[in-house]
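**Student:** First, the structure itself, so that you have it in front of you.
What follows draws every value from the coordinates through simple rules; no lab data is involved. Note that the structure is a prediction, hence the values are computed from the model and not measured. FYI the Cβ positions are ideal-geometry reconstructions off the backbone, even for glycines, and counts take in every protein chain you see.
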Amino acid sequence: MQYIIYAVFLVLTAATSTRPALPVTPERQFEIAQDVAGIVREETALPFDGEEGPEATGVLLAVMARYESDLREDVEDCRVRGPNGEVGLWQLAPGKNLEGHKIAEVCGSRKLQAKLALDLFVRSRRDAHDVAGLIRAYTSGSAGVSSPQARGRTRMFAWLSHTAGLEVRTLDATWAKPAEEKAVLARE
């Protein structure tokens, strides 16, 4: 689990045609990866089923943090907020998405931000029947509302989950790589 999330953050900081490289240190990436991995390990309800549901969930959270905040510290601690008051690395909208937590509490805890984002994905699963629907629900509030932002995040998730060796066609995640290759990746 830890290897995949760290690898995802390294890939996310690489320059792509639509997203420039970020000025984020590997140490910060690793700290974020540890927090995401810890939250995913603690939770029993995940948006993905299957043998590799936790890994797919980690990849999904990494993709959304990159897209929503570029992993910026000033966004994480809420010195900078979204246009509608969204907060944290996952740009959580105030109100029900904060699950009764005060904004100051959310702004002071990356782990809480990750948990709230994860909870939002789990709630979104009720209306979503595939990965694209899950991401649309997170991005717009409805699995049926498409947007360029949701399509970009879905493409990034598909690419990164494939790069990490996961096969995610629906909301069931399995390893696409042979078992011996998985063992090598786990040791790295």
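**Student:** For Ala45 and Arg151, compute 0.36 nm times the residue count separating them, minus their Cα-Cα distance, and round to one decimal in nm.
**Tutor:** 35.7 nm
**Student:** Here's another thing I want to ask about it. Taking 30 Å as R0, compute the FRET efficiency from the Cβ-Cβ separation of Ile103 and Trp159 and round it to 0.05. Mind showing how you got there, number by number?
**Tutor:** Numbers: r = 33 Å, r/R0 = 1.11.
The computed FRET efficiency comes out at 0.35.
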